[in-house]
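Each remark here refers to the structure printed beneath this line.
Values in this text are rule-based calculations from the coordinates and carry no lab data. Just so it is clear, the model here is predicted, and its values are computed rather than measured. Methodologically, a virtual Cβ is constructed for each residue, glycine included, from the backbone with ideal geometry; neighbour enumeration extends over all protein chains shown.
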Amino acid sequence: MTFKEKLRCVSFVIKMCRNRSKKILLLMVLRSLFCAVLPLIPAYFSSVIIDGLTQGGNLKALIKNIVLCAVLSGVFYFGSVVFKKLFLEEANILKDYESKTFEEQISSMDYELLEDADFQKNVKAYRVVYENNGGAVYGFWFFTGNFLEGVFSLLLSLVLIYPLIGKIISSAGKTGFLPIAVLCIFVLCIALILILVGNRYTKINNKVYRVFNEIFASFKYWFYFPSDYRKGKEIRIYSAQKLVESKHEEYMKKWEGINKKNTDIKIKYDSFIGVLQVLILGAFYLFTGLQAKWGAFSVGSFALFIGVSARLAEGIALITAITFVLGVVSDNIGYYKRVVETPRRKFKGTLPVEKRDDNRFEIEFKNVSFKYPGSDEYALKNLSVKLNIGKHFAVVGRNGSGKTTFIKLLYRLYDVDEGEITLNGINIKKYDLKEYMSLFSVVFQDFKLFSVPLSQNVTTSLEYDEEKLFRCLDKAGILGRVEEMPLKENSVLYKNFDDRGIEISGGEAQKLALARALYKDAPFVILDEPTAALDPVSEFEIYKRFNSLVEDKTAVYISHRLSSCRFCNEIYVFDGGRLVQKGSHEELVNMPGKYRELWTAQSVYYNAE
Ligand code: ADP
């Protein structure tokens with residue numbers, strides 16, 4: 001990342017936080033100010049008290065200064081604790097906002113990015129930042145707070161010793177300006193070294209961190225692998241224990257190695273910073289001692305100079321936090337920024353979808369050709385088909401012939417660049433994406449059910465129409481099984497989070513996915529191999545009830561079991577990404593071609609059984 005990009009990341013996070021939390025900036029300033037002032041109070045008052053004692057000041061003034069020192073220390077201590085707490089609370093609110101916006105973007109952005117390797121890399125890097133550092137924004141405020149504390153410490157220290165500087169300069173007439181010049185040059189050199197070393201450390205840390213991210217992801221995967229009960233079967237049946245163990249050990253060692261490297265670098269860096277701090281401190285002590293010896297200032301001023309110089313050295317070290325802000329932190333913000341600023345290309349369309357009760361929606365593919373991003377091969381070539389209103393279609397073909405791609409394009413998971421798809425004569429890209437998607441109920445081959453109550457799986461909502469839910473469960477042929485469950489429709493699926501979670505079979509899961517599609521009640525129903533995991537009886541039932549299941553909706557049914565396509569009005573036969581035949585089952589089976597070829601092959605198989 002260039003310096004300009006890093007600054008852009010910093011300005012992005014400030015803008016984002018300004019809109020979310022007006023208080024964070026003020027709280028950070030107060031926290032930093034109070035933390036910077038606190039150690040300077042005893043330094044200042046000890047000098048006043050010592051001067052009072054050595055120069056014969058009165059007892060009343062002495063007591064007043066002691067009380068004032070104690071009260072101010074108490075106030076600033078209390079203030080620093082309160083502001084630190086409030087600051088962290090506000091930073092946590094921003095952290096929650098950060099993770100919420102990230103997840104929202106991930107779940108609603110263009111689907112094809114989920115399959116994009118570079119994008120996924122960025123997402124993974126951000127997740128590690130979130131898991132390890134509590135997010136990018138949190139880190140930003142933490143390190144910027146440290147930097148500001150350093151700036152305040154330096155400025156306030158200089159204000160405190162300012163009167164002494166005049167005394168030193170006037171006494172320099174006697175002792176010469178050399179000691180002052182040497183001290184200033186020395187401190188400046190050390191500060192410069194601190195910045196350079198901080199910068200170098202950030203770069204090394206960044207490199208190590210990148211490797212750390214990759215190893216951590218693999219380590220986590222293998223660490224949780226054996227305890228995932230769904231993987232347990234394969235591990236046992238195929239005796240994969242050794243493989244899992246060795247993978248776990250490999251990544252554990254790698255992780256330990258990188259952790260050690262990380263710690264070693266940090267220890268080296270911290271020690272180096274410590275040594276430099278001691279050097280600055282030593283230089284101040286030597287200088288102060290000499291000044292006191294040459295009679296430039298009093299014993300009290302000597303104590304003040306000593307006390308303040310410790311804070312000066314610490315302030316210089318804290319200021320190096322800026323290298324983290326412009327190094328690791330801005331990179332982390334970059335991961336987040338890239339994701340949340342990714343444009344939603346598909347959201348450009350604004351046309352509302354006509355609201356119709358008669359479901360008269362017609363979709364047409366006109367000369368559509370499509371290649372997946374990064375692929376040179378056409379997954380679909382020159383496809384022209386019309387999905388007439390209320391008809392039931394089947395799409396058949398061998399694996400890899402383009403059936404699922406056809407559905408992905410229809411549902412706008414991907415957009416086409418060659419040819420066009422229209423809804424009632426208008427290019428589907430012109431429609432508002434959410435409204436367009438609301439026209440479809442799809443059951444994909446690799447549908448997913450979630451570890452939430454069964455009712456929420458089907459309705460995908462916290463509030464739902466109970467009667468409709470039961471009707472859909474009944475239509476999908478799973479109501480009987482649900483009624484047998486102890487918590488009925490409130491039973492949580494799977495045991496990920498709930499001991500009472502219900503384990504369901506592949507066929508039952510498929511029926512629930514079907515019920516979900518029915519509950520959505522959209523004008524188009526798309527079933528991608530909906531019966532693949534069903535037993536023959538359930539499969540037969542679904543076929544028999546298919547027409548009543550989808551009612552007068554337009555249905556697209558994908559299958560490579562041709563026997564299940566017979567009830568469809570029209571069958572499209574795909575081969576190598578092209579539409580090679582279309583017609584009814586009777587027409588196609590009675591003509592030479594791909595369909596008859598597939599049909600014959602499958603009937604031989606069924607007959608043999
Ligand atoms: P089917 O559903 O008929 O089995 P698909 O539509 O899934 O076939 O696949 C059609 C072609 O597109 C295949 O050659 C497949 O390898 C390719 N393909 C599918 N998904 C992707 C993807 N995400 N990226 C690249 N190529 C893909």
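Remark: relative contact order (region 450-521) = 43 percent; criterion is Cα-Cα distance under 8 angstrom and separation of 6 or more residues. Quick one: if the Förster radius is 60 Å, what FRET efficiency do residue 398 and residue 14 give, using the C-beta to C-beta distance and rounding to 0.05? The formula returns an efficiency of 0.60 here. Treating r as the C-beta distance of residue 207 and residue 81 and R0 as 51 Å, the FRET efficiency rounds to 0.85.
Residue separation of residue 377 and residue 391 scaled by 0.36 nm, minus their Cα-Cα distance, works out to 1.9 nm of gained length. Size descriptors for the chain (Cα atoms only): Rg and Dmax, in that order, 35.6, 121 Å. Full extension of the chain between residue 567 and residue 467 gives 33.1 nm of extra length, using 0.36 nm per residue less the Cα-Cα distance. Legend: distances between Cα atoms for 4/203; 408/475; 95/495; 429/594; 6/261; 366/520; pairs beyond 23 Å are 408/475; 95/495; 429/594; 6/261; 366/520. Peptides 76-85, 137-146 ranked from most to least packed give 137-146, 76-85, packing being the mean of other C-beta atoms within 10 angstrom over each peptide's residues. Averaged over residues, the count of other Cβ atoms within 10 Å places the peptides 63-72, 334-343, 233-242 in the sequence 334-343, 63-72, 233-242, highest first. Here the extension length gained between residue 192 and residue 415 equals 74.9 nm, from 0.36 nm per residue of separation less the Cα-Cα distance. Here the calculated FRET efficiency for residue 55 and residue 261, from their Cβ-Cβ distance with R0 = 41 Å, stands at 0.15, rounded to the nearest 0.05. Distance between the 7 Å Cα→Cβ label points at residue 496 and residue 4: 4.4 nm.
Applying both filters, DSSP loop and at most 12 other Cβ atoms within 10 Å, to the chymotrypsin sites (Phe, Trp or Tyr not before Pro) of region 157-208 gives 177. Across region 339-345, coupling constants 3J(HN,Hα) worked out from phi with the 6.51/-1.76/1.60 Karplus curve, θ = phi - 60°, read 6, 6, 9, 4, x, 8, 4 Hz, and Gly and Pro carry x.
For region 450-521, the share of alpha carbon pairs falling in successive 10 Å distance bins from zero is 22, 60, 17, 0 percent.
Estimated from helices alone, the mean residue ellipticity of the chain at 222 nm is -21500 deg cm²/dmol (sum of -39500 (n - 2.57) over DSSP H runs with n ≥ 4, per residue). Other residues lying with their Cβ under 10 Å from the Cβ of residue 457 contribute a combined charge of +1, Lys and Arg counting +1, Asp and Glu -1.
Distance from the Cα centre of region 162-241 to that of region 1-49, in angstrom? Each part reduced to its Cα centre gives a spacing of 20 Å.
Across the chain, the relative contact order, built from alpha-carbon pairs under 8 Å that are at least six residues apart, equals 15 percent.
A straight Cα-to-Cα reach below 16 Å connects residue 247 with the lysines 220, 231, residues fewer than 8 places away in its own chain not being considered. Roughly how many whole Å is it from the C-alpha centroid of region 329-344 to that of region 420-487? Centre-to-centre (Cα) distance: 32 Å.
For residue 386, the aspartates and glutamates whose Cα comes closer than 14 Å to its Cα, not counting residues fewer than 8 places off in the same chain, are 362, 364, 420, 570. Packing, as the average of other Cβ atoms within 10 Å across residues, places the peptides 271-278, 317-324, 501-508 in the order 317-324, 501-508, 271-278, highest first.
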